[in-house]
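Down below is the structure, laid out as structure tokens.
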Amino acid sequence: LGNEAAADALLEILRRDFAYRWSRLAVLASVAPTYTRRVLKGVLDQAVFSHATDPARLETLEGLAELLGARASVTPADVTWLVEQLGSDLSSAARVALLDGLAHGLERAGVKPDLTSGAKVTLERLIAQASLEEMRALWRVTRLLGLSESEAQRTALTRADEAAANAHLSLEDRLAAVRLLSLGSTGVIPRLLGLLDAREPTEIQSAALSGLSGFRESSVALGLIEQWRVVSPTLRPQILELLLDRRAYHDALLSALEEGRLQVGELNLDLEQRRRLLRGGTAEIRQRASKFMGDEEYSNRKALVNDWLAKLPAEGDPTRGQQVFLDACAKCHATGALGHRVGPDLTGVAHRSVEDLLSNILDPNMAINPRFVASTLETRDGDAPTGLIEAESSDAITLLQAEGKRVVIPRREIKRIESSGQSLMPEGLEAGKSPQQLRDLIAFLQQPPR
């Protein structure tokens, strides 16, 4: 809407309904390019916004700043105006919200508007006294504007490198440091990789992984694979996606499989993921991948499965199978009210075929959900309990062991964490079992839930 009266009406709606996301979006979609500055100024004129710390007001500021930045090719002088406003009396959170919004907008616009000398002085002054979180936001904007990095920024990067690894700092301060590190040069890659360690809070690991995704160096792929078994299981699917998304990383991934540093089962590749290796990239990559997987099922004990499948009787006895389950499976699996829910719950497997169930019984490492990969936690007093990582907090890790036993270990006592790359369920369940016993077990599992 292209007049002052309309802009002022939208401003009043935004001041009144800022807490409602759809109202905010409706206002942002209605503000004409020439009046974006007017609306943002009207919001900042209220102290409840300029000194804001609550999410709704901060999102309002970020949204308006993004809109202004996205329109930089139409109203470039507005960018200079906003940069000058950043030096006014604002809360740190409000300043960061405006900077982040401006950065998003400039990324969308794809232009680098010229700043006045006064605006550049404002940025220099802010950089000289910025916190790590403010420095991160300032760095993004100055980079998008094509401004040279200052000595103060390089000094801040050194501070961030130290703070990111300092377990005595608050989680918030460490996260700010990791996010700032992510804007550095390739020299920060080793630090970010080192933070991919289950001894670190999950939030720190996640922020480090996000930062690493901004680099395309081969050292990132090699480092991600090196850290695979020490990173928290919840992050492994994201690491796998990054390794698969970038074809330049496929060689490193397949080399790790060929050298035994990774097992194909622990990757838990679905069909689409396997096909990225089997059908994408070079002929060499496709050929190497085909040694580990196919377009359908894959199993490192396929010959054994086929041998046992030929031996199985046509029918099984569910009653006898229940006893086999109680003797061999119930310590870590449950079906209905029987057993312990440590590994996958087997209550809903009645629809699965005899061959499918037999394959999973004989080859538990065929494809492993990251949640069910066993991990060993070496503690400073010499203990090394093994189990599934059930829960993580910034202070402790909870291991789930057979029969539902839980072991809570404070992070400060953990010396090392390493994934085995294997299921908690061992191979060799068939040892000492007759074909009839395995068929009975399968018949029990195929009973509808009761």
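Values quoted throughout were computed directly from the atomic coordinates according to the rules given, and no laboratory measurement underlies them. Note that this is a predicted model, so its numbers are computed, not measured. Note: ideal-geometry Cβ built from the backbone for every residue, glycine included; neighbour counts use all protein chains shown.
Is region 50-163 best put as rounded, prolate or oblate by its Cα gyration tensor, with a ≥ b ≥ c the root eigenvalues, rounded for a/c under 1.5, and otherwise prolate when a/b is larger than b/c, oblate when not? Cα axes put region 50-163 in the oblate bin. For the chain, the relative contact order works out to 11 percent when only alpha carbon pairs closer than 8 Å and six or more residues apart are counted.
Region 160-192 and region 356-395 have Cα centres lying 29 Å from one another.
What FRET efficiency comes out for the pair A248/Q287, r = Cβ-Cβ distance, R0 = 25 Å, nearest 0.05? Can you show the working numbers first?
On the way: r = 18 Å, r/R0 = 0.71.
Approximately 0.90, to the nearest 0.05.
Here Cα Rg over 2.2 N^0.38 Å was computed from the coordinates, and among (1) 1.01; (2) 1.26; (3) 1.08 the match is (2). In summary, the lysines within cross-link reach of K433, defined as a Cα separation below 16 angstrom excluding same-chain residues under 8 places away, comprise K311.
Using a Förster distance of 51 angstrom, determine the FRET efficiency expected from the C-beta separation of S88 and R416, and round it to 0.05. Spell out each step's value before the answer.
Working: r = 50 Å, r/R0 = 0.97.
After rounding, the FRET efficiency stands at 0.55.
Reducing region 421-450 and region 49-114 to their Cα centroids gives an inter-centroid distance of 60 Å. Helical content of the chain, expressed as a calculated mean residue ellipticity at 222 nm, amounts to -15500 deg cm²/dmol (DSSP H runs of 4 or more residues, -39,500 (n - 2.57) each, divided by residue number, nearest 500).
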